[in-house]
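Read the structure below first, then the notes.
The values are calculated or read from the model by the stated rules, or taken from the named source; none is laboratory data. Quick caveat: nothing in here was measured; it's all calculated off a predicted structure. Ideal geometry is used to build each Cβ from the backbone, glycine not excepted, and the neighbour counts take in all protein chains shown.
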Amino acid sequence: MLDTIISIILFILAFGILICIHEAGHLSMAKLFKVYCKEYSIGFGPKIFSRLKEGKETRFSIRAIPFGGYVSMYGEGLEDDPEFKDIPKERSLECIKKWKKAIILSAGVILNAVLAFILIFISNFAFPQIGYTRKAIVAESSLIAKEGVKAGDKLKFIYPKSYEDKDGSIAPFTYQYTDNSKLIHAGNFFIVDSDVTFNDDEKQYVAAYMFSGNKNEPHFSDGLMIFEAIKGDKLESTLKYKGDTKETDLKSEFISWYKHGGPEYYPNYEKAVTTLKNKKSKLEIDLNFEKKGAISLQIPGNFEKKGDKLVFSSFKDIGLSFERSKIWLPVGTRFKNTFEDYGYAAGAVFKGLGVLFTGGIRNMSGIVGIFSMSSSLYTQYTFSTYLFFWGLISVNLAIFNLLPFPGLDGWQLLVTAIEGISHRKIPAKFKTIMSLIGIGLLFALMAVIIVLDVLRIVGV
């Protein structure tokens, strides 16, 4: 409950800061060039709070719909407002030089980009790197302790080969599901056992382990997954470590499973678990240790039924977890990582936009999805990861606002550029109508995305 409350508070603060910074960029440049600003608003719709300081000309407001904000400036189609009747024309956004107007319109995007870099910089410089060593932490009287495994013994992952850095932490295997050379889904895991058996079942299964975060001690049983191996199906995969790339084919060890008619493919563990249930839930898995070799465990499984589906919940606690490691990277490496992470964040946004145009609206996520992801990151990962995530969102906000769509900054920049090149004014009525249509479409899009986010979260 405490984590949930903190997640909500942090989300409101983080999202609010992104909006405040964006609109502050517009406001600060408008003030610099003497453009009259009636209101600085966080959110849209009905006012929740509004204040005008004595002797000031710009009102500060907080409104009910927290999906953005705006700065109301003289010259944006509000000339009929009585408040503007005594304002000199030279203080209008339309009467200043085009390059000044362009700076005002792009200032929000620039500040979001700068904020993103600051957040990513802090995430790299203010926190140590968190990883896990292959050293075992063994619970007393557990399945693994009864097999003679002691604290400090090192686990060997069967396939692919595990890598160990100088600090002793292990690097995960990165896999990619592909369909006609197009990336569909990716993730990280370690192969624990490539030939798992369920009683007298003749099918082949693979046991894999995936870390669920780096904030808390990782219990082995919490990340254990079972995949059914079907011959003939191939999974193209890429092993990346220290800049080296090695192509590896897992051949018959995995199967792609199409779920809910959506674009993503998932490992077919559900079918394997159903088989396990029918075979009286008896799972045999081999864990390999450097000094002790392979240790065979008989592990009971736990299951839960959701509707007409039998879903894997967790295996009985094996009593094995991994030792966390903290290291401070050299300053030069942290600088390098900052710029690489920033480039990755910007690239991820463009890739996302590309997927939007090729895969449709179902690939988009809105405020509900962002909250769900930020909450998950806060509870499972260190705060450096949380800061990086909001750096990514800030970059996303900056690039999205640059799109030449009515209602966004990119549209106004496009109109300004056309007017500057042609030396002709586009009719104010046309610009106002287009902006209102664009804003209406954006709100409709947001509503649809919220519904899709909720459906994804509840698993529909």
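What about residue 153, is it farther than 21 Å from residue 435 by Cβ and either of a type outside the set (D, E, K, R) or assigned by TED's automatic domain parsing to the domain that holds residue 293 (or both)?
Yes; evaluated as a whole, the condition is true for this residue.
Take residue 57 and tell me if it is within 27 Å of residue 415 (Cα to Cα), of a type in the set (Asp, Glu) and in the same structural domain as residue 448 (by TED's automatic domain parsing).
Values: within 27 Å of residue 415 (Cα to Cα): no; of a type in the set (Asp, Glu): yes; in the same structural domain as residue 448 (by TED's automatic domain parsing): yes.
No.
Please verify whether the stretch 63-78 includes one or more residues that are more than 30 Å from residue 381 (Cα to Cα), modelled with pLDDT under 85 and among the aliphatic types (A, V, I, L, M).
yes
Return the residues of the stretch 98-141 that are assigned to a loop (DSSP other than H, G, I, E, B) and either among the small types (Gly, Ala, Ser) or more than 23 Å from residue 344 (Cβ to Cβ) (or both); say none if nothing qualifies. Reasoning before the result, please.
Filtering the stretch 98-141 for residues assigned to a loop (DSSP other than H, G, I, E, B) gives 126-128, 139-141.
Once the filter is applied, which keeps residues that are assigned to a loop (DSSP other than H, G, I, E, B) and either among the small types (Gly, Ala, Ser) or more than 23 Å from residue 344 (Cβ to Cβ) (or both), the stretch 98-141 yields 126, 139, 140, 141.
Looking at 357, 350, which is the one that is at pLDDT below 85, surrounded by fewer than 20 Cβ atoms within 10 Å (Cβ to Cβ), over 22 Å from residue 444 (Cβ atoms) and not assigned by TED's automatic domain parsing to the domain that holds residue 453?
On the way: 357 fails: over 22 Å from residue 444 (Cβ atoms).
One residue alone meets the criteria, 350.
Looking at the stretch 40-66, which of its residues are in contact with a Leu (Cβ under 9 Å, 6 or more places away or on another chain) and assigned to a strand (DSSP E or B)? Steps first, please.
Step one: filter the stretch 40-66 for residues in contact with a Leu (Cβ under 9 Å, 6 or more places away or on another chain), giving 40, 58-60.
Listed by number, the residues that qualify are 40, 59, 60.
In the stretch 29-54, how many residues are surrounded by 15 or more Cβ atoms within 10 Å (Cβ to Cβ) and either within 15 Å of residue 111 (Cβ to Cβ) or not assigned by TED's automatic domain parsing to the domain that holds residue 375 (or both)?
5
Taking into account only those residues within the stretch 42-63 that are within 31 Å of the chain's Cα centre (by Cα) and touching a residue at least 24 places away in the same chain (Cβ under 8 Å), which is farthest from residue 20 (Cα to Cα)?
Per the stated criteria, the residue is 44.
Six or more apart or on different chains, Cβ under 9 Å: which pairs go from a residue in the stretch 286-304 that's under 15 Å from residue 152 (Cα atoms) and at pLDDT 80 or above to one that's charged (D, E, K, R) and loosely packed, with under 14 Cβ neighbours inside 10 Å? Could you list them?
Sorted first by the residue in the stretch 286-304, then by its partner, the list stays empty.
In the stretch 403-433, what residues are surrounded by 13 or more Cβ atoms within 10 Å (Cβ to Cβ), of a type in the set (A, V, I, L, M, F, W, C), more than 32 Å from the chain's Cα centre (by Cα) and assigned to a helix (DSSP H, G or I)?
Correct list: 415, 417, 428, 433.
Is it the case that the stretch 436-453 has a residue that's assigned to a loop (DSSP other than H, G, I, E, B) and modelled with pLDDT under 85? Even if it seems obvious, please write down each step before you answer.
Just the residues of the stretch 436-453 that are assigned to a loop (DSSP other than H, G, I, E, B), to begin with: none.
No - not one qualifying residue is present in the stretch 436-453.
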